[in-house]
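To start, the structure under review is shown below, and the notes come after it.
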Amino acid sequence: MSSSLIMAQQKLEHNFALSPVTALAFQDIGESTYLFVGEDAWLKIYHVTTSRLLGKVRAFYSQPIHGIHVSESKAGLANGEAGILVWGGQSITVLPPSSIRDLVRGVAPPEPTEFKAPDWIYDGILFPAGDPKGALVTAHNELIPFSVSPDGHGLTFGTLTSPSRPILYSANLCLLGPDTILVAGGTVFGEIIVWKYHFGSSRPSQWEVLYVFTGHEGSVFGVSISPEFEIAPGINVRLLGSCSDDRTIRIWDVTDRQLTIPAGQEIDSRLLTEARETGFGDNSEAKEENKNDSSRCLAVAMGHLSRIWHVKFGRSSHAQMGPVEVYSFGEDTTRQRWELTFDLKKWQEGLSPTSGPVGNLRNCSVNSCHNGKNIWSVAISTKGDQEPLIATGGADGRVAISGVQGSADSTKYRHLDFTVPLEKVLQQLEDNGEPHNTTVDEPKNKKGVKYAFQKYSFLSDDLLMATATSGRIFLAAVTDSLSWEEVLVSDTVVEDLRSYMVMKTPVKDTVILGGATGKVYLYRRGQEIMELAHFPGKISDIILLQDPSQISVENQQPWSVIITVLGLDHATILNFDPSSMKSTIDTRKIILPEHCIITAAAFLNSILIVGSRIGALTIHTLTRDSSDLVPLSSRRDPKGKDAITAICPLPGSSTSFLAACRDGRYRIYTLNASSVPFLNLQHEISPPLGMIEGAWFSSPSSRSSSPELILHGFKGKNFVVWNESSQQTIASIECGGAHRPFSCVSPPEDPNQLRLAFTKASRMRFYSQPAPFLQTLKEGGHGREIRAIAASSRYIATAAEDTNIRIWESTPSSSSSPSLKCLAIIEKHSAGIQAMKWFGEDYLLTSAGSEEFYIWRISRLDSSYDALAVVCEAVWDDGTRDGDLRIVDFDVRPWTTTAEEEEKILIAMVLSNSEVRTYTYSPETNEFQLLAKGMYTGACPTKARHLIIPDSEEVHVLTGYTDGHLAIWRTAAGAAGGKEAELVHEPIKVHQSSVKALDLVMLSGEATNNNSRWLVATGGDDNALGFLDLSYDPAEKSYTVQGRYRVASAHAAAVTGLCAVAGGGKEGEVEVVTVSNDQRVKLWKGGSAKGEEEFKVKLLANKYSSVADAGDVEKIVDEGEGKKKVMVGGVGMEVWDLIE
Amino acid sequence: MGKSSKDKRDAYYRLAKEQGWRARSAFKLLQLDEEFNLFENVTRVVDLCAAPGSWSQVLSRVLIKGEKFGRSAWQDREAKFRQDMLKVIRSDAEADSESVKEAPKPTNAPANDGPRQDVKIVSIDLQPISPLPGIITLRADITHPATVPLLLKALNPDYDADTMNQQAQHPVDLVISDGAPDVTGLHDLDIYVQSQLLFAALNLALCVLKPGGKFVAKIFRGRNVDLLYAQLKVFFEKVYVAKPRSSRASSVEAFIVCINFQPPEGFKASLEEPLGVGSRLPQMQAELQESTTAQDDDKKDDGIVDMEIEDLTPSDPKDQKSIRWVAPFVACGDLSAFDSDASYRLPDDHVSLDPVQPPTAPPYKRAIELRRANGGAYGKVPVTSK
């Protein structure tokens, strides 16, 4: 990369960005509902039911959107009077209805005109008609009316009005009547000021303070005024919700009961002349007349683990005294639903400081909606009693939505949720006169324990079998309810299945059952139960060999299961042919190693893979000497003794399979069918499930889509179904924890539909869903700041503050909107990732705090399942005793020496204790070998790069430090075992403080000697861009600084990322892209042009970047397109094209 | 993080405890003083957003008690030794020290010997500050108009707003502020709130600072920080952005050091009409444009060639409407200072000390207590994932 890059004058062009979603608003137009999404400076519009992006427009030049107000008047929209108001920081713009129509049609609307308000804006509102057009509330509790000129291009602000100017963290406006606005402001100091503003031509603008609420013990981050609710006949209330740094949500009564409030202006003068004391818990805005306001606090509740950013109102029930729905949204990425109810008696007694709260907030549900941290934006749309539409926007750039009404014909499963006690089933059979087994009707066994449900198995998606501990067998047909019948069997069978049984569904409408006496029974829908076989001991398990996702599909093919019998040294394959109704015992016995308990199995052609209770995988084949399936080789990867719960061959592959494990991971292996077959671990990952109980691949109805991997299992107290391909929860149902009988089914082509039965508190819960509760309207990425980016010729890897690594691939740019597809998410680091590099396409290396340094092997799967296989191949373990250093940076290069044939990876790493170390890593033995160590002054290193000296077996490393210097270290040829690395040149000052970014190109073309020469570009904490012209004379074995150059104020803030994009080689110049905390991305050219002596620096491009807190910038070469790009990462990510 | 591992990870945290400072930020002020000689000829100081009081503590010990703190307070002797050994450009360190200096170092400034006469230091915060010898602490909102007379009265008990002359109303030599909000993570909002805190400090400083006075405040170096630099330049002859070595390189925090207060002609400061919102300041800037974006700075004599850049970017009519200027950057605390980003090995028998003063109670303290009382969670509510 550093040797020869083609040179031509370039510029930067914006290509793609993924930024936090900081504003959302719903709008209904005709029959359709749309969602406006504010992502950085862009306003995007999505069609809600199809999740389709219809259009987008840049609202502001360099300011993220923080709010969108949609005019509530539908008639207004149709008449062309209203539009939408968009604001962010001090910027505002009003989009006319014609622009909205353009956006919906996918046509680019005219560019909006950006106006600057005199202060930061927290909320805005449009008036239904007339002039002024709308109003804004600022961060200093000021209200500003504004008017828009008839052509829409002019906007004038009216007079600022405020009762007092504390600094706010939140504000909300609510139009009370044609000329009255209710204003609520949440201050930095935990107070809430509620005031009214009158406007209109008939009377002079004026205001009155209604309430000052104290009580919050931290900044008020969110306030929300409710519509009027009728909570009891004749009792109408208007509520205010607030949320705070103190982790509480509070509900206040702000109902306007026509109380006589003293005219506002008097309060004003007093407020401004009196000296105030301020601080949390103390009254600052509150004066004598406000001292009882806090008794209007109706309810207080806590639910979030960290700060709460928003609180909103949902539906209100028509039932007496509530409940009213309240939603809260926090830093912890959860949305929480609360029900607010009132104590009517207390209410009627009136609000007083002594009566205690009259309302109660009950926490009803908690849903985690985003990656990383923070829900930045929320929109709620309620329509009568319907489940409200709720959208959340996160720091991860994702938009999650709930309450979308799907079209009824596209789904088979309706929403159902029943809790059924066994007695109710028996009662129903009795009541309906269904034939039932009357000999076992006692409700308790001999020990006096009540009979309960024992096992569940779906026979198809509309038929569930449930057995009882009494040994009785029931069937539930699923319609809008469950209708029960009993499978009549003889008393001996009931006796056999009482208190112990295993039950599995191998194919549709079929169940196979095993009991304590060794008998195996078969039930087929509509037929009587029959005995299939009798084994000499208790049936310990029945292992399915078929794909479990196919049980809702008609199938008359023969099928097989493995029967394991307690105490037997082998397991048996039982075959069944539905056409002849014959079962046969397979002649091939499965010979088991001692103490092996089979928990899962699958055939790959004639080779059987068996998974065990302690997590081992064994390959069984027929051998020349045996007609049995004998174990040939085995491996065990889980750290503890956790069972393998499923083995699934990958779609379209005869050699690769997936093994799910109770240790919470799944692994993909490839069978190497050499003379002694063995398994290669290709992929190992921990999805967000604590315990994986099952896995299957979907069969998409459209051939163009790839199968998706669906996992289910337990996480904490919930049963979770997880789509690993889309990284989304399909369902998460509270069940009480792991270790309980359950059965679930989905249509093979649509894993989002789900039916589930499990036991909770000895009752059966039956759950059915047409779609996941939360859906993704817009895909996101990292939920925390990206700290490192590395690009190979094919993949881009990003690593974020939350220790997650994502691997992306550019999607073919045939589509008009370029984008990146996330292929893998790696979670293994426990400390913040510091640096990341590719070695070729197959190895990714990452370093982090706590002395973590991992080498990942990356490969493609041999399957139609389109995912990237990632496995951690090696963990560096040559750290210090305490293991608490950060591996701040490292560099890699291929390494071969005359003494060794193998190509190794040469690693130079720098640690936070001022050390530099060099290692080789062998991909064959997976071992690290220390070459040398060197110690700098004690200053923390920040950067490390190899300096490649042609034809030399010495290792040269260039390092940068927080003290603004660069150093060059040499490891002698053949060094090993921690020899001291030698400082070759005295440290070179390039910056006043930390060297935060560094890249270099090698120069060539000076044919006069064998000297090597580099142009090193550095970015500093001192805002400067530095260039170092460095040469090395191999004869003298010495470096010479040819020149040091500085652009002192290259950025307005620290230069945090830099990469060379062109130059080097015969060119005497280099082009670099720099990024900074000032949110500019710049393209520079520095050096001495060919034939010229003088060193010059040119600025070629200077653009606003949507990425705040930029951590890295990396060059990407898209080989398919032959395009050069750079990616910037920080808060979100951004791709720029380099255009000549 | 435990106390002991924090001792290793953060050298200044350990030093602060060893040297009796309320917070590690004391070193930031000491290192700023070492570079800019902030305390020279200074007797009247106002410390804003002072809690927990480590900057006031520096003022108390330096100005009132007459203690001296030089490099030895934060010098890493081993680093010094290794620097000499590795030849980390001693000449350069010396050159550094010449760069922005306007007066000799405090270590050899005779004015700093012993307690000074007539020292008045007032510390203001919204939160109470534990008492410090010789320091008047006020609990007040610095944005409130009533705070100015309160402050002037604290500096001069005979103060009477109606009778005092202009000079008596501007008696302060130095205004400092280390205030910062708890960041939300929404970067542009955090930058805005910090800038409002900075303007609050500036507005008060403009009311009480005497011509020639100095102003030091914390700043976040983020988007549009160049707008702020340009605005501060309206009032001061020289404006620098300084990063002490005790401030982490990974932090966006830096300090704005404004020297020689020179209010524009006809300018009258008032908290009734504060700067920072509205158009008053941009209008002043437009009138003064040239003088606000230039500063004579001695070129750093460190051998690095400062480049004039050739700007080939097309002019963008929609961008850069506002007046922007980047204040010169100055690193403070010499190279032998402990590195706030490095990890240090401590002797095996290292005893980790308790902090001098516990951190102020966070607003969510009660939430934590409640959660603990309920056995680790607020209540039994199922959490489901996305």
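The values are calculated or read from the model by the stated rules, or taken from the named source; none is laboratory data. Note that the structure is predicted; figures quoted are calculated from it, not measured. As a convention, Cβ positions derive from the backbone with ideal geometry for all residues, glycine included, and neighbour counts pool all protein chains shown.
For the reader, a short list of remarks on this structure follows.
- Selected residue [surrounded by fewer than 24 Cβ atoms within 10 Å (Cβ to Cβ) and farther than 30 Å from residue A:66 by Cβ] from A:1103, A:1123: A:1123
- Number of positions in the range A:389-403 that are crowded, with 24+ Cβ neighbours inside 10 Å and on the phi > 0 side of the Ramachandran plot: 1
- Pair list, Cβ < 7 Å and 6+ apart or interchain, from the range A:1095-1109 residues that are touching a residue at least 40 places away in the same chain (Cβ under 8 Å) and farther than 15 Å from residue A:1127 by Cβ to residues that are in a loop (DSSP other than H, G, I, E, B) and β-branched (Val, Ile, Thr): A:1100/B:313; A:1101/B:313
- Among residues of the range A:482-514, those that are of a type in the set (Lys, Arg) and touching a Leu at 6+ places or on another chain (Cβ under 8 Å), counted: 2
- Highlighted here are the helices (runs of 4 or more DSSP H) found entirely within the range B:14-92 that include at least 1 residues which are within 14 Å of chain A (Cβ to nearest Cβ) and not charged (D, E, K, R): B:26-36, B:77-86.
- Residues that are away from chain B (no Cβ under 14 Å) and of a type outside the set (Gly, Ala, Ser), drawn from the range A:974-989: A:979
- Filtered by the rule that a residue be away from chain B (no Cβ under 14 Å), under 35 Å from the mean Cα position of the chain (by Cα) and more than 14 Å from residue A:218 (Cβ to Cβ), the range A:164-203 gives A:172, A:173, A:174, A:184, A:185.
- Whichever residue in the range A:10-68 is more than 14 Å from chain B (Cβ to nearest Cβ), in contact (Cβ under 8 Å) with a residue 24 or more places away in the chain and outside any strand (DSSP E or B) and, among such residues, is farthest from residue A:108 (Cα to Cα): A:49
- Given (1) within 12 Å of chain B (Cβ to nearest Cβ); (2) part of a strand (DSSP E or B), number of the condition residue A:1070 does not satisfy: (1)
- Flag for residue A:973 being outside the structural domain of residue A:1043 (by TED's automatic domain parsing) and surrounded by fewer than 23 Cβ atoms within 10 Å (Cβ to Cβ): yes
- Test result for residue A:853, closer than 25 Å to residue A:688 by Cα, of a type outside the set (D, E, K, R), surrounded by 20 or more Cβ atoms within 10 Å (Cβ to Cβ) and not assigned by TED's automatic domain parsing to the domain that holds residue A:1114: yes
- Only one of B:385, B:336, B:322, B:340 that is closer than 20 Å to residue A:1053 by Cβ, at pLDDT below 80 and surrounded by 13 or more Cβ atoms within 10 Å (Cβ to Cβ): B:322
- Considering residues of the range B:120-139 that are within 14 Å of chain A (Cβ to nearest Cβ), surrounded by fewer than 20 Cβ atoms within 10 Å (Cβ to Cβ) and touching a Leu at 6+ places or on another chain (Cβ under 8 Å) only, the residue farthest from residue B:155 (Cα to Cα): B:139
- Among residues of the range A:834-866, those that are part of a loop (DSSP other than H, G, I, E, B) and among the β-branched types (Val, Ile, Thr), counted: 0
- Search result, residues across the range A:168-180 that are surrounded by 23 or more Cβ atoms within 10 Å (Cβ to Cβ) and among the hydrophobic types (A, V, I, L, M, F, W, C): A:168, A:171
- Verdict on residue A:85 being buried (at least 22 other Cβ atoms within 10 Å of the Cβ) and touching a Lys or Arg at 6+ places or on another chain (Cβ under 8 Å): no
Per-residue answers, yes or no, for (1) buried (at least 22 other Cβ atoms within 10 Å of the Cβ); (2) in contact (Cβ under 8 Å) with a residue 40 or more places away in the chain; (3) in a loop (DSSP other than H, G, I, E, B); (4) of a type outside the set (S, T, N, Q):
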| residue | (1), (2), (3), (4) |
| --- | --- |
| A:108 | no, yes, yes, yes |
| A:140 | yes, no, yes, yes |
| A:153 | no, yes, yes, yes |
| A:183 | yes, yes, no, yes |
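- In the range A:185-206, the residues that are modelled with pLDDT under 85 and assigned to a strand (DSSP E or B): A:206
- Remark: residue A:252 falls outside the filter, which requires a residue to be out of contact with any helix residue (DSSP H, G or I) (no Cβ under 6 Å at 6 or more places or on another chain), aromatic (Phe, Trp, Tyr), assigned to a strand (DSSP E or B) and at pLDDT 90 or above.
- Qualifying residue in the range A:929-943 (condition: of a type in the set (S, T, N, Q), under 26 Å from residue A:1010 (Cβ atoms) and either in contact with a Leu (Cβ under 6 Å, 6 or more places away or on another chain) or modelled with pLDDT of 90 or more (or both)): no
- Counting only residues that are among the small types (Gly, Ala, Ser), part of a strand (DSSP E or B) and either more than 8 Å from chain B (Cβ to nearest Cβ) or under 17 Å from residue A:1130 (Cα atoms) (or both), the range A:361-389 holds 3 of them.
- Those residues of the range A:980-995 which are over 39 Å from the mean Cα position of the chain (by Cα) and part of a strand (DSSP E or B), in sequence order: A:980, A:982, A:983, A:984, A:985, A:986, A:987, A:988, A:989
- Count - residues of the range A:904-929 that are β-branched (Val, Ile, Thr) and within 14 Å of chain B (Cβ to nearest Cβ): 2
- Of all residues in the range A:723-779, those that are more than 26 Å from residue A:33 (Cβ to Cβ) and either polar (S, T, N, Q) or outside any strand (DSSP E or B) (or both) total 17.
- Reported count of residues in the range A:957-973, each being in contact with a Ser or Thr (Cβ under 8 Å, 6 or more places away or on another chain) and either more than 14 Å from every other protein chain (Cβ to nearest Cβ) or farther than 30 Å from residue B:334 by Cα (or both), is 3.
- Residue satisfying all of: in the range A:390-405; within 12 Å of chain B (Cβ to nearest Cβ) and in a loop (DSSP other than H, G, I, E, B); farthest from the chain's Cα centre (by Cα) among these: A:395
- Just one of the listed residues (A:906, A:885) is outside any strand (DSSP E or B) and surrounded by 18 or more Cβ atoms within 10 Å (Cβ to Cβ), namely A:885.
- None of B:217, B:200, B:180 is more than 14 Å from chain A (Cβ to nearest Cβ) and touching a residue at least 12 places away in the same chain (Cβ under 8 Å) except B:217.
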